[in-house]
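Asker: My questions will all concern the structure given below.
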Amino acid sequence: SHFKIVEKVIRDMLHKRKKDTVYEAFKSHLIFLGESIMKNYLEETGLIKDERFKKIRFSSGNLSGKILGSHYEGNIVIDEKVIEGLYNGKLDMLEAFFHELNHFKIYCDIEVGTPNICLYRILKEKLARESIDKHDRNYYDANYSLYSEEIYVEFLALMDFLKFIKLVDSKRFDSVFDELREATSTRLKDIIVRWNNETRDLSRVIKFNNDY
């Protein structure tokens, strides 16, 4: 499977073995893995035959600046830096991979009205953002670190990352994975604090940003 190929490249990197899979083949398997995860989510939620999700796509590209990925209405683009990084052993790049996949899942859930208190909050801020953007187009960029959807997606991506490294775990590399788990757990705690204490009060739009 595509997962097994991606997993093997990561294992070979950890064991410092020569990789059997060339870069372009690895890239193809990673892209197919991403699209498979998207389709599996649609199957699990019973949305696979929904016309709104017929044209989903997972691809790679060269994005500008520090952007590692993007999602828009069922289309995910992962920057080449992410794929190259994973191929060369930068496991933290998996976060960008899972980050965009979770944006896709949220997009699907909002489209079909999945009942979820976190999604209600995300949708509430999206609507407020649309209103505010009529006066200031920089709302998202100015408030990225506190934007509800980004905080939630960051949390879900890190949880997926932890699940993934558990699947490729090896006793020879306990110290490597322990360090990754410890760093990720610390970030998860920070995300929960931001979600609970630092994100703006959505009931008072005027307080969204001190500039307004």
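The values are calculated or read from the model by the stated rules, or taken from the named source; none is laboratory data. Quick caveat: nothing in here was measured; it's all calculated off a predicted structure. Cβ: placed from backbone, ideal geometry, glycine included. Neighbour counts: every protein chain shown. The protein model used for the area step is the full one, side chains on, heavy atoms only, and it has no ligands, DNA or RNA in it. Shrake-Rupley method; radii C 1.70, N 1.55, O 1.52, S 1.80 Å.
Asker: How do the pairs read when you match residues in the range 40-56 that are more than 12 Å from D109 (Cβ to Cβ) with residues anywhere that are in a loop (DSSP other than H, G, I, E, B), using Cβ under 6 Å and keeping only pairs 6 or more apart or on different chains?
Answerer: So the pair list comes out as I56/G74.
Asker: Answer yes if at least one residue in the range 148-163 is open to solvent by less than 50 Å² (accessible area, probe 1.4 Å) and at pLDDT below 80, and no otherwise. Step through it out loud before you land on a result.
Answerer: Filtering the range 148-163 down to residues open to solvent by less than 50 Å² (accessible area, probe 1.4 Å) leaves 148-154, 156-158, 160-162.
Imposing the further condition that a residue be at pLDDT below 80 reduces the set to none.
No, there is no match, as no residue in the range 148-163 is open to solvent by less than 50 Å² (accessible area, probe 1.4 Å) and at pLDDT below 80.
Asker: Confirm whether F98 is under 16 Å from the mean Cα position of the chain (by Cα) and over 23 Å from F177 (Cα atoms).
Answerer: Details: under 16 Å from the mean Cα position of the chain (by Cα): yes; over 23 Å from F177 (Cα atoms): no.
Judged against the criteria, F98 is not a match.
Asker: Checking N75 against (1) at pLDDT below 90; (2) surrounded by fewer than 17 Cβ atoms within 10 Å (Cβ to Cβ), which single condition isn't satisfied?
Answerer: With (1) at pLDDT below 90; (2) surrounded by fewer than 17 Cβ atoms within 10 Å (Cβ to Cβ) applied to N75, the lone miss is (1).
Asker: Report, by residue number, each residue of the range 11-51 that is at pLDDT below 70, assigned to a helix (DSSP H, G or I) and either of a type outside the set (D, E) or touching a helix residue (DSSP H, G or I) at 6+ places or on another chain (Cβ under 6 Å) (or both).
Answerer: Scanning the range 11-51 gives R11, M13, L14.
Asker: A follow-up question, please. Checking Y144 against (1) touching a residue at least 24 places away in the same chain (Cβ under 8 Å); (2) within 15 Å of the chain's Cα centre (by Cα); (3) over 28 Å from F32 (Cβ atoms), which test does it fail?
Answerer: (1)
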